[in-house]
């Protein structure tokens, strides 16, 4: 497969789609390696639970800002070159986490890692714009499945690596994986002509203009962001919960629980084909209902493996429903500005994710596990309220 120049709506070869899906998983995994390892990091660096919980928060805030400042460049500059530069800095920041000796280096390197881990979000608008019209949802769904499997698989991998080799080894492996990915991007990612002509500041201003022009992008983005915050609240606190009675287990078991999440993501991997049939709102609220059920199970059966495993499967199915329906709908609002439309969605999405992670960690510090459950339900309530408020404003 050689470098080619392709045109919008002509279609993307299946081999390229599989490659992009795998690379999406490898890239996004950097945001989530820490979750099963948080207790190990806390003990080695002598941190409090609240302090170490700032690591995923900084990573997610960095990711949101990277989406805001880097992803719009996909409409303005050569995507392949931008991805190569991101990979170089990302490799250095992952090595920085590996070598961290205090909280400040850890948080700084985590922020930079988040900022430059945005490579997969250049694949999503690429798939939306260049796929054939009848294949858009399915091919965006392929990349989204790669992302979710990367998110969930990263927990499995880091749990085992952390248990066997220590948490620092995981970040050394991650740096090597990004270098390998960069070697693949350069020869195989096609040349894509920019769709925006102008200055970068004007490009950023155009994102605001697009959000006002297409107010449904705000609806899809805000309600998904709050739901994502609810989802991440579970994973941000799960390692601490599993360290307590009656489990008393380490990162390897927390990593194994990630397999349950992969099962949920695969179960919902074909949701995209049902969106045109049942509508975006119905699929979204199905996802909300599933996540709510998962939190109720976590409140009642949090002392059993059965309750936790079932909840993880359900919450991941729900999140897949929400993201796939809302993200693909956002990019379809203005296909010629798909990178910027995806920026609106994903910046809001990860702001919601960082808020949910921070809220879950804070509530857990104050109220224990039930505080984590309460934070997850509160974020879902915000998702529902945002739908009502934005619909009323722009109806």
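What Kirkwood hydrodynamic radius, in Å, does the chain give when the mean of 1/r is taken over all pairs of distinct Cα atoms and then inverted? Could you put the intermediate results ahead of the total?
Details: mean 1/r = 0.0482 Å⁻¹.
So the Kirkwood estimate lands at 20.8 Å.
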ask   = If each residue's Cβ is checked for other Cβ atoms within 10 Å, how do 336, 135 rank with the fewest at the top?
value = 336, 135
task = Arrange the following residues from fewest to most other Cβ atoms within 10 Å of their Cβ: 108, 357.
result = 108, 357
For the stretch 306-393: span of alpha carbons on each principal axis (Å, largest first) = 47, 29, 23
Length gained when the stretch residue 101-residue 305 is fully extended (0.36 nm per residue, less Cα-Cα span) = 70.0 nm
query = Helix 136-165 versus the longest principal axis of the chain: what angle, 0 to 90°, nearest 10, using Cα atoms?
reply = 30 degrees
remark   = Helix-only [θ] at 222 nm, the chain, -39500 (n - 2.57) per DSSP H run of 4+, per residue, nearest 500, equals -26500 deg cm²/dmol
inquiry  = As I understand it, the value is the acute angle between the Cα axis of helix 120-130 and the longest principal axis of the Cα atoms of the chain; what does it come to in degrees, rounded to 10?
reply    = 30 degrees
message = Binning at 10 angstrom from zero up to the longest distance, how are the C-alpha pair distances of the stretch 123-183 distributed in percent?
response = 21, 34, 27, 15, 3
request  = May I ask for log10 I(q)/I(0) of the stretch 224-338 at q = 0.10, 0.17, 0.23, 0.24 Å⁻¹, from a Debye sum over the Cα atoms as equal point scatterers with solvent left out?
outcome  = -0.33, -0.81, -1.25, -1.33
message = Once each part is reduced to its C-alpha centroid, what is the distance from the stretch 23-58 to the stretch 71-107 in angstrom?
response = 17 Å
ask   = Which angle between 0 and 90 degrees, to the nearest 10, do you get for helix 216-243 versus the longest principal axis of the chain when only C-alpha atoms count?
value = 30 degrees
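Throughout, read-outs are computed from the coordinates displayed, never taken from laboratory work. Everything numeric in this text was worked out from a predicted model, so none of it was measured. Don't worry about glycine lacking a Cβ; one is built from the backbone with ideal geometry, like all the others, and counts go over all protein chains shown.
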